[in-house]
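The values are calculated or read from the model by the stated rules, or taken from the named source; none is laboratory data. None of these values were measured; they are calculated from a predicted model. FYI the Cβ positions are ideal-geometry reconstructions off the backbone, even for glycines, and counts take in every protein chain you see.
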Amino acid sequence: MRDAHFGEAVLGSAHIGGTLELDNSTVSRRLYMDKLQVDSSLFMRSGEFEEVVLGSAHIGSIFTLYDSRVTKELHMDKLRVDSSLSMRKAKLADVNLTSVHVGGQLQMHEAGFGNLQCYNLAVDQDALLHNSHFTGKIDCPFSKFRNLYFDNSIFDDDVNLTSGQIGGELQFGSPGRDSAHWNPGKSLILRNARAETIPMLTDAWPARVDLNGFSYRTLRDDNPLSHKQTSECPSGPLQCWFGKQKSFSPQPYEQLALVFQNQGYADDARAIRYAGRERERSESQGLRYAWLTTLDWVIGYGHHIERALGWSVGLVILGAFVLGISGEGRKNGMPVGLSYSFDMLLPIIKLRDAHYDIDLKGWPRYYFYAHKIAGFVLASFLVAGISGLTK
């Protein structure tokens, strides 16, 4: 059927024992091929079509729409292609790939698309969505790919990969070099999705991402965060990447921390977990905000317990200062008072029994009541931080 012109062509439930060719053909209305079976390949190269219906069809080898145009919808729901499906250099309006199975590659590069509906799409090999322009939404929840490439493509609307599975690599291209281009304000949704490898945090992620429940094993570049400061992320890769999330969720922080921890970058993992708690505090109010602020100041949410040492030293010096200016230190044989202040601060340490027989007079007595309470609270925070209860 090459080089032909049709108003409408109906091949529904047809069985072609070899190859079906519509190269350089035009169908001005509808090309109906629902439940078509082609034992070999289907070629529709350099064609002009208004609407194509290929629902529940089966192509035994290659299906290609290379350099073709479909002005209305391309219906391919439940299509099965045993080898590769190519839409390279095609100009397509809305494409329906719901529940399609592609046994080879899905080639969608150097092309133009409107809305792409691909719920439950399964691609056994790579999906190549690079060097293309997607003017509509890509909606592919529960889809499966071996590798998924978005390099150097333009995305004008949201890309939804909710609960998708990428057995290998997700790639956007590095900034300034074959990078994906995202319309401002649009989102990449990876909620509850899974991938083996994801791009570095400084690569070409969109301005908005939904990573809640997204799991992965490695980053494409294994270098630690401290080595990846770039002009694209002047505030640092953590703030740059997590700032793309609309609201706080602890799982994306813990997921990234586990990846860096498993790669041996313990300091970076700690920085990620600390950044997560800071984000949580910034979005909290009232008592929750006060509690998180206290945790931060005292022990850094358990990630910087050395802060407790600073508070301890400060309180010991303050207690000695109170004994000095009040004169109670000299009256009780403590010209300096550091040991007494230390003994009163930490309830689990006892330096001298005599310290507990001293009866201070006046306002220093009430100060040291507060001093002891502060020591007990500080010790409690320290124990909680070491045990991981506040992380």
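Total residues in region 110-130 satisfying the condition of being surrounded by fewer than 22 Cβ atoms within 10 Å (Cβ to Cβ), at pLDDT below 95 and within 23 Å of the chain's Cα centre (by Cα): the figure is 1. Every test in (1) closer than 30 Å to Thr293 by Cα; (2) loosely packed, with under 12 Cβ neighbours inside 10 Å; (3) among the charged types (D, E, K, R) is passed by Lys350 save one, and that test is (1). Filtered by the rule that a residue be in a loop (DSSP other than H, G, I, E, B), touching a Pro at 6+ places or on another chain (Cβ under 9 Å) and either among the aliphatic types (A, V, I, L, M) or at pLDDT 95 or above (or both), region 179-190 gives a lone residue, Ala180.
The rows are residues; the columns are (1) in contact with a helix residue (DSSP H, G or I) (Cβ under 9 Å, 6 or more places away or on another chain); (2) not hydroxyl-bearing (Ser, Thr, Tyr).
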{"site": "Gly302", "(1), (2)": "yes, yes"}
{"site": "Glu306", "(1), (2)": "yes, yes"}
{"site": "Ser312", "(1), (2)": "yes, no"}
{"site": "Gly329", "(1), (2)": "yes, yes"}
{"site": "Asp357", "(1), (2)": "no, yes"}
{"site": "Gly362", "(1), (2)": "yes, yes"}
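Taken as a whole, the structure leaves Val298 outside the set of residues that are surrounded by 19 or more Cβ atoms within 10 Å (Cβ to Cβ), in contact (Cβ under 8 Å) with a residue 12 or more places away in the chain, within 46 Å of the chain's Cα centre (by Cα) and farther than 30 Å from Ser282 by Cβ. Find the residue count for region 355-382, including only residues that are aliphatic (A, V, I, L, M) and exposed (fewer than 12 other Cβ atoms within 10 Å of the Cβ). So the answer is 2. Scanning region 259-287 for residues that are in a helix (DSSP H, G or I) and of a type in the set (Asp, Glu), we see that the one that is nearest to Ser249 (Cα to Cα) is Glu280. Considering only region 202-227, how many residues are part of a loop (DSSP other than H, G, I, E, B) and either modelled with pLDDT of 60 or more or within 13 Å of Leu256 (Cβ to Cβ) (or both)? Count: 13.
Within region 301-324, track down each residue that is within 28 Å of the chain's Cα centre (by Cα) and assigned to a helix (DSSP H, G or I). Can you show your working first?
Taking region 301-324 first, the residues within 28 Å of the chain's Cα centre (by Cα) are 301-304.
Listed by number, the residues that qualify are Tyr301, Gly302.
Taking the conditions (1) at pLDDT 80 or above; (2) among the β-branched types (Val, Ile, Thr); (3) outside any helix (DSSP H, G or I) in turn, Ile348 satisfies each one other than (1).
Residue check: is Ser339 over 21 Å from Leu309 (Cα atoms) and in the same structural domain as Ser312 (by TED's automatic domain parsing)? Criteria not met by Ser339.
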